[in-house]
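The values are calculated or read from the model by the stated rules, or taken from the named source; none is laboratory data. What you see is a predicted model, and the numbers here were worked out from it, not measured in a lab. Cβ placement follows ideal geometry from the backbone for every residue including glycine, while neighbour counts extend to all protein chains displayed. In case anyone asks, the SASA skips ligands and DNA or RNA and just uses the protein heavy atoms, side chains included. Shrake-Rupley method; radii C 1.70, N 1.55, O 1.52, S 1.80 Å.
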Amino acid sequence: MITIGLCLIYYGVALFGYQLYGWFAEDAWNSYSILAAWISFFGRPDLSFPVIGPTIAWLMAWPLSLALIFLGLTVLCSVAGLRQHARLRLVRLRSKWFAENASAAGYEPWTIKGAVRAFRKDVLDREAKGRTGFN
């Protein structure tokens, strides 16, 4: 998904650069809307719906380069958010497992929180040292 997000951003920036080149070379701005791309790939959309038709028409009038960049950033942010959520969930599950095993091993109840805190810090430190790349 990261690759897809980066490709969408790249295509949006490339299209914007192509439009800038046309503007500098010919003194005319060629605007490409989402509707133009939709028509070239899928044909003319049906916008006759009374409630959502105007909203869809408004969205289809957006510049394609802006829409591609926005969609790519949305994909990247959602992947990053989901990974962070999964990581925090794993830390909570590890801490819960450690607390249950510490209780079963005979730790006193007032020492379990400190032991879990030390365990969580140790796990997070080891994970931080082991990271080498973005993925």
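Some points to look at:
- Where labels lie 7 Å past Cα in the beta-carbon direction, separation of Ala28 and Arg44 in nm: 2.4
- Taking all protein chains together and rolling a 1.4 Å probe, Leu88 ends up with roughly 80 Å² accessible.
- When the residues Glu26, Glu127 are ordered by accessible surface, computed with a 1.4 Å probe over the protein chains alone, the sequence from largest down reads Glu26, Glu127.
- Of the DSSP H helices in the chain, those whose Cα atoms cover at least 20 Å axially and whose Kyte score averages -0.5 or more: 2-26, 64-104
- Stretchable slack from Arg92 to Arg117, in nm (0.36 nm times residue separation minus alpha-carbon distance): 7.9 nm
- With only Cα atoms counted, the chain has Rg and Dmax values of 25.4, 80 Å.
- Candidate residues Val51, Val116: accessible-area rank, largest first, probe 1.4 Å: Val51, Val116
- Sorting Lys121, Lys113, Lys129 by solvent-accessible area of protein heavy atoms yields Lys129, Lys113, Lys121, largest first, with a 1.4 Å probe.
- Ala57/Val13 FRET efficiency (R0 22 Å; Cβ-Cβ; nearest 0.05): 0.25
- Among the chymotrypsin sites (Phe, Trp or Tyr not before Pro) found in the stretch 10-78, those both in a DSSP coil and sparsely packed, with 12 or fewer other Cβ atoms within 10 Å of their Cβ, are Trp29.
- P(r) of the stretch 61-135 over all Cα-Cα pairs, binned every 10 Å from zero, in whole percent: 16, 31, 22, 16, 9, 5, 1
- Per-residue SASA entry for Asp122, accessible area with 1.4 Å probe, Å² rounded to 10: 80
- Residue-normalised accessible area of the stretch 26-135, given per residue in Å² at a 1.4 Å probe: 78
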